[in-house]
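Okay, structure first, notes after.
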């Protein structure tokens, strides 16, 4: 990341409520429910006064749909970034054994073993590098501005606390993010800090 003498603010939001083609764990994009579309509109209204310079989104359908609704409310364009996609269950996508394989790996990440991985999917280390890389890119492009990134609960909970100097690495697991909840991340030459996690302000 370049030397950010002028801070950038990246608001990272979870997509709205979605429904999926299967109830099994998969890497499918999903689609917003009626309530999910309402949540996206409410998110846009809540952020309308933030002067959002750009809305970025994961390429997964539920995030893109959320981003498009929010962007219309805040008056911004939308750019897709694959780096914001959700955690993958790899070769076990759509299989009945997926939870039994993925959950233990996720628990190892929570315990600090980011080298663990599901067959055919990223390790925790690669996931952190992927997401932190795209957030750094946004910050470099928007110094002195505020941008919004639509992403997913799993990657947000894993990566954002690891980036923020004022959060413990496992902070998110005691503060789960609901549908369309958002986190305010700020970065300057001293690194990342979290100013808001869901409804909780951390900069006061």
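Summary table
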read-out	value
Close pairs (8 angstrom Cβ cut-off, 6 or more residues apart or separate chains): at positive phi and touching a residue at least 24 places away in the same chain (Cβ under 8 Å) in the range 123-149, in a helix (DSSP H, G or I) and buried (at least 19 other Cβ atoms within 10 Å of the Cβ) anywhere	none
Pairs with Cβ under 6 Å, 6+ apart, first in the range 170-195 and more than 19 Å from residue 47 (Cβ to Cβ), second modelled with pLDDT of 95 or more and in a loop (DSSP other than H, G, I, E, B)	191/165; 192/164; 193/164; 193/165; 193/166
The range 122-136: number of residues that are in a helix (DSSP H, G or I), surrounded by fewer than 22 Cβ atoms within 10 Å (Cβ to Cβ) and in contact with a helix residue (DSSP H, G or I) (Cβ under 8 Å, 6 or more places away or on another chain)	5
Residues satisfying the stated conditions in the range 92-113, i.e. part of a helix (DSSP H, G or I) and within 21 Å of residue 129 (Cβ to Cβ)	102, 105, 106, 107, 108, 109, 110
Test: residue in the range 73-96 that is surrounded by 20 or more Cβ atoms within 10 Å (Cβ to Cβ), more than 30 Å from residue 120 (Cβ to Cβ) and touching a strand residue (DSSP E or B) at 6+ places or on another chain (Cβ under 6 Å)	yes
Filter result for residue 29 (outside any strand (DSSP E or B), at pLDDT below 95, at negative phi and in contact with a strand residue (DSSP E or B) (Cβ under 9 Å, 6 or more places away or on another chain))	yes
Selected residue (criterion: modelled with the lowest pLDDT) from residues of the range 1-26 that are surrounded by 15 or more Cβ atoms within 10 Å (Cβ to Cβ), touching a strand residue (DSSP E or B) at 6+ places or on another chain (Cβ under 9 Å) and part of a loop (DSSP other than H, G, I, E, B)	1
Residue 115 being over 22 Å from residue 184 (Cβ atoms), surrounded by 17 or more Cβ atoms within 10 Å (Cβ to Cβ) and either touching a residue at least 40 places away in the same chain (Cβ under 8 Å) or in contact with a strand residue (DSSP E or B) (Cβ under 8 Å, 6 or more places away or on another chain) (or both)	no
Any hit, the range 158-178, residues being modelled with pLDDT of 95 or more, buried (at least 18 other Cβ atoms within 10 Å of the Cβ), under 11 Å from the mean Cα position of the chain (by Cα) and part of a strand (DSSP E or B)	no
Residue 67 vs. criteria surrounded by 15 or more Cβ atoms within 10 Å (Cβ to Cβ), at pLDDT 95 or above and either in a loop (DSSP other than H, G, I, E, B) or touching a strand residue (DSSP E or B) at 6+ places or on another chain (Cβ under 9 Å) (or both)	yes
Positions within the range 179-200 being part of a strand (DSSP E or B) and exposed (fewer than 11 other Cβ atoms within 10 Å of the Cβ), in sequence order	200
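The values are calculated or read from the model by the stated rules, or taken from the named source; none is laboratory data. It should be emphasised that the depicted structure is a prediction, and the values quoted were computed from it without experimental measurement. So basically every Cβ, Gly included, is an ideal-geometry build from the backbone, and we count neighbours across all protein chains shown.
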